[in-house]
Amino acid sequence: MKVNFTTPSLTTKTTQAIVPVAPIVNACPRFVPCIPQPGTTNLLNSMSGFVMFRAAYRNYIDHESLVVSRTVDPSVSGVVAGVRWHDIRLSGEPNATCPTYPCVYQEGTIADVANGRSRWLPSIAMDSAENILVGYSTTGKTDGVENHSSRYTGRAKGDPPGLMTVPETTIVTGTANQHIQCFWGDYASMSIDPADDCTFWYVSQYFTAKNSWSTRIASAVFPAGSGAGQCQPSTCTARPSGIADDRHGDGPRRQPDHRDLDGHHADARCLCHRTRGGRVRLEGLYRPLAATAGTVARASPTPP
């Protein structure tokens, strides 16, 4: 998209590519509640017509990945909703899986057995070692004891494509339903801690009393190391000597080799930069130099 802020009507959008994915059936019509709650006929919205927050981009130098997730009908008897996730490669060396780019490198559906629980409102992220975690809400079975819960599962880089192999983990279980309205935790977020590029943080909603919602924040991390199913924490705290600032705010260049933002060869695991202005980035290989999450980082633009 090329935005024209002076004359918005002149803004132009260009379709870069259309990436085919496995067939998708929405869990229920857009904005029509269908997620069951225990002990009540009041249903919740699945938000199935939308890709959920957020499309998480990663630049691994030799390839770029974009992981996304959404709620779907899993085609399982007695289960209203499941989670569909996609790992889309934007660039890389052509191979049997991805002869051209962009392409769907892998995808899968997280769903229960027949007459089991629904899973919906997912959020997904990928760490620096290409391990994935996805969090979501899960329907409960007994009102007042076990209502909707917040859970996550995941996979390591070397696991069979399309499969979530991390045992499903329950973060918190609610003890009450939502009665006032049909919306539920669509602000859920799975993100990577920029301090180590390995720790996943998940934020989601649950209820402890009727119409009284609470927020739970949880973290998880793969074991430290460089082997399969591990993630080596980043120790990048300062800009490597001789590396120039990205003072033009252009962001990482799409070229699959070991170059920093200004074309200098560098170690991709230890690149920090300042942006011209805006909120501190909370995801990816690049983070502002000597900045604190939630603050504003600025650099004075200088001529090239």
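We did not get these values from a lab; they are worked out from the coordinates using the rules stated. In this text, all values refer to a predicted model and were calculated from it rather than measured experimentally. When we count neighbours, we look across all protein chains shown, and the Cβ atoms used for this are built from the backbone with ideal geometry, even at glycine.
Rounded, prolate or oblate for the range 1-48? Axes are the square roots of the Cα gyration tensor eigenvalues, ordered a ≥ b ≥ c, and the cut-off for rounded is a/c under 1.5.
Taking the square roots of the gyration eigenvalues as a ≥ b ≥ c, the range 1-48 is oblate.
When we measure straight from the Cα of K2, which lysines land under 26 angstrom away, once same-chain ones fewer than 8 places off are left out?
In chain and number order, the partners are K13.
Among N211, C103, T139, which residue has its Cα positioned farthest towards the positive end of the charge dipole of the range 20-220, with +1 placed on the Cβ of Lys and Arg, -1 on the Cβ of Asp and Glu, and the dipole taken about the Cα centre?
The listed residue farthest towards the positive side: N211.
Kindly rank 119-128, 188-197 from highest to lowest mean number of other beta carbons found within 10 Å of each residue.
The most tightly packed comes first, giving 119-128, 188-197.
Using alpha-carbon pairs under 8 Å, 6+ residues apart, how would you state the relative contact order of the range 157-239 in percent?
Values: 120 pairs, mean separation 21.3, N = 83.
About 26 percent, as a whole number.
What is the magnitude of the charge dipole of the range 20-220 about its Cα centre, with +1 placed on the Cβ of each Lys and Arg, -1 on the Cβ of each Asp and Glu, and no other charges, expressed in debye to the nearest 20?
In debye, rounded to 20, the range 20-220 gives about 640.
Using each residue's phi in the range 78-88, evaluate 6.51 cos²θ - 1.76 cosθ + 1.60 at θ = phi - 60° and report the 3J(HN,Hα) Karplus result to the nearest Hz, with x for Gly and Pro.
Whole-Hz 3J(HN,Hα) from phi for the range 78-88: x, 10, 6, 9, x, 10, 9, 10, 9, 10, 9.
Quick check on the exposure proxy: order T199, T7 from fewest to most C-beta atoms within 10 angstrom.
Numbers: T199 17, T7 7.
The order, fewest Cβ neighbours first, is T7, T199.
What FRET efficiency do you get for V51 and F5 if R0 is 25 Å and r is their Cβ-Cβ distance, rounded to the nearest 0.05?
Details: r = 26 Å, r/R0 = 1.04.
Once rounded, the FRET efficiency stands at 0.45.
For K210, go through the lysines and keep the ones whose alpha-carbon is under 30 Å away, minus same-chain ones fewer than eight residues off.
Reachable lysines: K141.
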